[in-house]
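What follows is one structure encoded as structure tokens, with my remarks underneath.
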Amino acid sequence: MTISTDKGKKGPDDVIIKYNGLPISFIEIAKVLLILWENEDNLYPPPKLRGAGMSMDFINELFEKRELTDDLLRKYHLKK
């Protein structure tokens, strides 16, 4: 998996995000999140377990910190 960026056209700080060389948009990210959340709910079904809620907590905390740290990954039992 390779994530890269190219200069965008919408302003001086605009970037185009690429996954394996292909540009991705919020639409693709939204589709991936929907599949991820469905899978999390299937693996860890609410209300007994947290399912997609835990992944949403991770996303919210990542948004607040704006940095993917080892501590954050450990907190949510994620590996690089």
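We did not get these values from a lab; they are worked out from the coordinates using the rules stated. From a predicted model like this one, the values you see are computed outputs, not experimental measurements. Neighbour counts are summed over all protein chains in view; Cβ atoms, including those assigned to glycine, are modelled from backbone coordinates with ideal geometry.
Taking neighbour Cβ counts within 10 Å as the exposure measure, how do Glu61, Glu40, Glu67 sort from fewest upward?
Details: Glu61 13, Glu40 19, Glu67 8.
Ascending Cβ contact count within 10 Å gives the list Glu67, Glu61, Glu40.
For the pair Arg50/Leu34, report the inter-label distance in nm, with labels modelled 7 Å from Cα in the Cβ direction.
Between Arg50 and Leu34, the simple spin-label model gives 2.5 nm.
Got a sec? Which residues in segment 29-60 would a label at Ile16 touch, if it sits 7 Å along Cα→Cβ and we count backbone N under 17 Å?
29
Looking at this model, which pairs from Lys31/Lys79; Lys18/Lys48; Lys48/Lys80; Lys48/Lys79; Lys10/Lys80; Lys10/Lys31 are more than 30 angstrom apart at the alpha-carbon?
Lys18/Lys48; Lys10/Lys80
Would you work out the relative contact order for the chain, in percent, from Cα pairs under 8 angstrom that are 6 or more residues apart?
Here the relative contact order equals 15 percent.
Given the Cα-Cα distance of Met1 and Asp41 and 0.36 nm per residue of separation, how much length would full extension add, in nm?
Numbers: separation 40, 0.36 × 40 = 14.40 nm, distance 2.48 nm.
Answer, rounded to one decimal: 11.9 nm.
If you line up the long axis of helix 52-65 against the longest principal axis of the chain, both from Cα atoms, how many degrees apart are they, to the nearest 10?
The angle comes out near 50 degrees.
Taking Cα atoms of segment 25-80, Rg/Rh with Kirkwood Rh, to two decimals? Working shown, then result.
On the way: Rg = 12.0 Å, Rh = 12.1 Å.
Rg divided by Rh gives 0.99.
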